[in-house]
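Here the structure is laid out as structure tokens; the discussion comes afterwards.
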Amino acid sequence: MTIPSEPARPNILLICTDQQRYDAVRAYGNDHVQTPNLDRLARDGVLFENCYVQNPVCAPSRATLMTSRYPHAHGLWANGVQLPDQEQFFTKALADDGYDCGLVGKLHLSACKDGRLEPRHDDGFRVFRWAHDPYPGSSENQYHRWLRAKYPELYDQALEGGGFDNLPTEAHYSRWVGNETVDFLRSARDRTKPFCFIANFFDPHHGFGAPKEYLDRYVADDLPRPVTRDGELAGKPPILTEASKESYAGHARGYTTYTEDELQQTKAAYYAMVSLVDDEVGRILDALEAEGLAGNTIVVFTSDHGEMLGDHQLMLKGPMMYECAVRVPLIVRWPGQLPAGERRSELVQWIDLAPTFLDAAGVPPLPHGQGTSLLPLARGDEDAVPRGWALCEYRNSGHPYDPAVHTTMLRADRWKLVVYHGAPATDRERTGELYDLVADPDELDNLWDAPGHREVRFALQEQLLDVLVATEDRSQLRLDHY
């Protein structure tokens, strides 16, 4: 019997976490977090230092990943909004061109609260092992079924109040995602085709917990305290003070309700979750090697948004555009095609990931896509032209505030502008933030109202208007002059 040879076109493996800020990887300069496998990936690939998501909460950001479109174009503007049926996925384009596509874990392109079953799109996935999250309120999902079948006592214990976050490693959600990914690589893929597989981890999303063996890796008091200073929020938009008292518009604890010890324990648990995922990444990379796939697979590691983790006197995520909320890790490894151990400081965006995958596969871009392939920049091509700016938008996208909170961020050169929109968009006061990220990388000094920076602010506001026009959807074919 003749075994079919592996296809020449590259395989694609996307490993995506949920709520992992860019600096929660040691390769990004944080010596307090233990991520040897992600560091190994960075040593073998290209690390993008400044990758920005297009929305600081899950669903709008993930819709941008799949469609290569800004939230104001694809229409999924908030968690709980369903992505319109006509939106096209990069995985469907790959499947139509001969790729074997699969997914495990979270997708989150529609409402999932209170047991809602997320509807399938025309997504191209042959293998679809969906689990929105590991919690009891989640709709029935494959992780729950696996856990109930393999560890029935632990499943019952978790449902009865023991919780899912601290389950033993062998029964944990992150281990299940790792297991399913390794299973796909070893046995579930179609060996006659190149593959595209997405491993969507739920960690390090809150609640903040991990198996004991990972919690034991960190001493909370040894970790850095939150980045802030007394009175920081007094010179910033009022919604930030509101969010400091109550996260998620009152649906979760705010920073001010945490003791200093609780903040440190939370950071330790967050890092423990990151290390758990890192170990699973190591298992996945080892399986690639064992299957002889590593040399012909483009591996991408990233996350859908960040986590405040007490910085700036804020927790979780929402209507804030700090670096720890909207800047995420992005590491790309493709042996023989991309250089190893290099870093790129140019501004890139999550909207560019789908075009990158399609470019690597030799598949035409999505007809309505708005991103550009990162391969020329990753290769270091002399004619690669960086975009030079990054856009992030929040349209009351998390738990809704009343009045609504609408913010738009523009990162350009050394500057970050954040506009908190007023009338007629909302009844809130129009205000904003302006940071010089060279002089003030911690974003502590808001220059929005500083007299010496008004000219810079006005120039950035004008540039933001131009960016919004540039990112409008004008993909509809024009048939003639009139």
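The values are calculated or read from the model by the stated rules, or taken from the named source; none is laboratory data. Fair warning: this is a prediction, and the values are worked out from it, not measured in the lab. Backbone-built Cβ (ideal geometry, glycine too); neighbour counts: all protein chains shown.
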If we keep only residues of the stretch 284-301 that are touching a Pro at 6+ places or on another chain (Cβ under 8 Å) and crowded, with 20+ Cβ neighbours inside 10 Å, then the residue nearest to Ser174 (Cα to Cα) is Phe301
Taking the stretch 215-244 and keeping only residues that are under 13 Å from Gly310 (Cα atoms), hydroxyl-bearing (Ser, Thr, Tyr) and part of a loop (DSSP other than H, G, I, E, B), one is left with Thr228
Could you check how many residues of the stretch 45-100 are in contact (Cβ under 8 Å) with a residue 40 or more places away in the chain, surrounded by fewer than 19 Cβ atoms within 10 Å (Cβ to Cβ) and of a type in the set (D, E, K, R)?
-> 2
From the set of residues in the stretch 141-169 that are among the small types (Gly, Ala, Ser) and in a helix (DSSP H, G or I), which is modelled with the highest pLDDT?
-> Ala149
Which one of the conditions (1) closer than 22 Å to Ile15 by Cα; (2) touching an Asp or Glu at 6+ places or on another chain (Cβ under 7 Å) does His72 fail to meet, given that it meets all the rest?
-> (1)
In the stretch 193-208, which residue that is hydrophobic (A, V, I, L, M, F, W, C) and out of contact with any helix residue (DSSP H, G or I) (no Cβ under 7 Å at 6 or more places or on another chain) is surrounded by the fewest Cβ atoms within 10 Å (Cβ to Cβ)?
-> Ile198
Sole exception among (1) assigned to a loop (DSSP other than H, G, I, E, B); (2) more than 25 Å from Leu316 (Cα to Cα); (3) free of Cβ contacts under 8 Å to residues at least 24 places away in the same chain for Gly452, by number = (1)
How many of the residues in the stretch 238-250 are surrounded by 17 or more Cβ atoms within 10 Å (Cβ to Cβ) and either on the phi > 0 side of the Ramachandran plot or touching a Lys or Arg at 6+ places or on another chain (Cβ under 9 Å) (or both)?
-> 5
Name the one entry in His121, His72 that is in a loop (DSSP other than H, G, I, E, B) and not aromatic (Phe, Trp, Tyr).
-> His121
Any chance you could count how many residues in the stretch 90-118 are at pLDDT below 95, more than 21 Å from the chain's Cα centre (by Cα) and either part of a strand (DSSP E or B) or not charged (D, E, K, R) (or both)?
-> 2
Any hit, the stretch 268-282, residues being surrounded by fewer than 19 Cβ atoms within 10 Å (Cβ to Cβ), at pLDDT 95 or above, within 30 Å of Pro355 (Cβ to Cβ) and under 24 Å from the mean Cα position of the chain (by Cα) = yes
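Among the residues of the stretch 398-433, how many are aromatic (Phe, Trp, Tyr) and touching a Cys at 6+ places or on another chain (Cβ under 8 Å)? Write out each step before concluding.
Pass one, the stretch 398-433, residues aromatic (Phe, Trp, Tyr): 401, 415, 420.
Next, from what is left, pick out any that are touching a Cys at 6+ places or on another chain (Cβ under 8 Å): none.
Selection size over the stretch 398-433: 0.
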Residue check, Arg116 against (1) more than 20 Å from Pro364 (Cβ to Cβ); (2) charged (D, E, K, R); (3) surrounded by 24 or more Cβ atoms within 10 Å (Cβ to Cβ), all met but one. Which one?
-> (3)
Taking the stretch 4-43 and keeping only residues that are more than 22 Å from Ile198 (Cα to Cα), out of contact with any Phe, Trp or Tyr (no Cβ under 8 Å at 6 or more places or on another chain) and part of a loop (DSSP other than H, G, I, E, B), one is left with Pro4, Ser5, Asp23, Gly29, Asn30, Asp31
Search result, residues across the stretch 3-25 that are more than 12 Å from the chain's Cα centre (by Cα) and either of a type in the set (Val, Ile, Thr) or at pLDDT below 95 (or both) = Ile3, Pro4, Ser5, Glu6, Pro7, Ala8, Ile12, Val25
Within the stretch 323-363, tally of residues that are surrounded by fewer than 20 Cβ atoms within 10 Å (Cβ to Cβ), part of a loop (DSSP other than H, G, I, E, B) and touching a strand residue (DSSP E or B) at 6+ places or on another chain (Cβ under 6 Å) | 1
Any residue in the stretch 170-189 that is under 23 Å from the mean Cα position of the chain (by Cα) and assigned to a loop (DSSP other than H, G, I, E, B)?
-> yes
Only residues in the stretch 147-176 that are touching a residue at least 24 places away in the same chain (Cβ under 8 Å) count as the first member; pair them with residues that are among the hydroxyl-bearing types (Ser, Thr, Tyr) and buried (at least 22 other Cβ atoms within 10 Å of the Cβ), Cβ under 7 angstrom, at least 6 apart or cross-chain, and list the lot.
-> Phe164/Tyr173; Tyr173/Tyr143; Trp176/Tyr143
Of all residues in the stretch 254-285, which are of a type in the set (Phe, Trp, Tyr) and not in a helix (DSSP H, G or I)?
-> Tyr258
